[in-house]
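A short write-up of the structure that comes next.
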Amino acid sequence: MLREIVLDTETTGTDHAKGDRVIEIGCVELLNHIPTGKSYHVYINPECPVSPGAFAVHGLSDEFLKDKPVFAAVADEFAEFVRDARLVIHNAAFDIGFLNAEFARTGHTQFNLSDAIDTLSMARRKHPGAANNLDALCTRYGIDNSRRTKHGALLDAEILAEVYIELIGGRQVGFDLSLRPAARSRAAQGQIAAQDARPRTLISRLTEAERAAHEAFIQSLGPNTLWREYLGETTPEAS
């Protein structure tokens, strides 16, 4: 059973080495690439001001965060939730750098960056030269991100989980009829239809003898068979 945690954070700024801190963590659990419905979410008092630039991105103010728990108070439960799971993160070096800085303060075991899956690197390999931020990937894969008016760790983790499934090949409908491909926008559907359209009609490989044998079989079924009804060749029944 493959357990993965899709993770995102929000922070007070862009550089943990200069004292910026984690203020929000959002996690979504996947088992064998399927969301389980289990998640982890927490806001954190960073004990330092949120920079104006970061506030413009996520909208989390000093006033909002002042009564939230500090990282040390949630470190154990967070570490337990992600334990033994592979992390899936967009721009993993950024989030893991911040989380490891927090774990260094609390004495917890730090994450190994090489063990994480970086979806930004995956997207750059798959779509070289294209925009590969989360919003661009949502547009490319027809994933609804209309709720994403501001960055939010849990919402971004939920959206990233859908993007990740598309990056590894897309969710296929199998025996579990509850699984459905991600809803796609009309523009995305049009692009897919154009890509899937055949450039030319396939040449039939049936021989004339095979055609004749098939026609003889159809004739043997009678004038009002389901096959002829499907072809629109049935004769009206006498009243």
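Readers should treat all values here as calculations from the given coordinates under stated rules, not as data from a laboratory. Quantities reported herein were computed from a predicted structural model and do not represent experimental measurements.
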Per the rule of 0.36 nm per residue minus the C-alpha distance, extending Ala104 to Val57 adds in nm 14.3 nm
Taking placed amide H atoms and a strict 5 Å upper bound, the residues 5 or more places from Val42 or on another chain that come that close are Ile25
Residues whose built amide H sits under 5 Å from the amide H of Asp20, excluding neighbours closer than 5 in sequence, are Asp15
Fraction of alpha-carbon pairs in the range 3-194 farther than 30 Å apart, rounded to whole percent, equals 21 percent
Once the in-chain neighbours fewer than 8 apart are removed, the lysines whose Cα is under 25 Å from Lys18 read Lys66, Lys68, Lys150
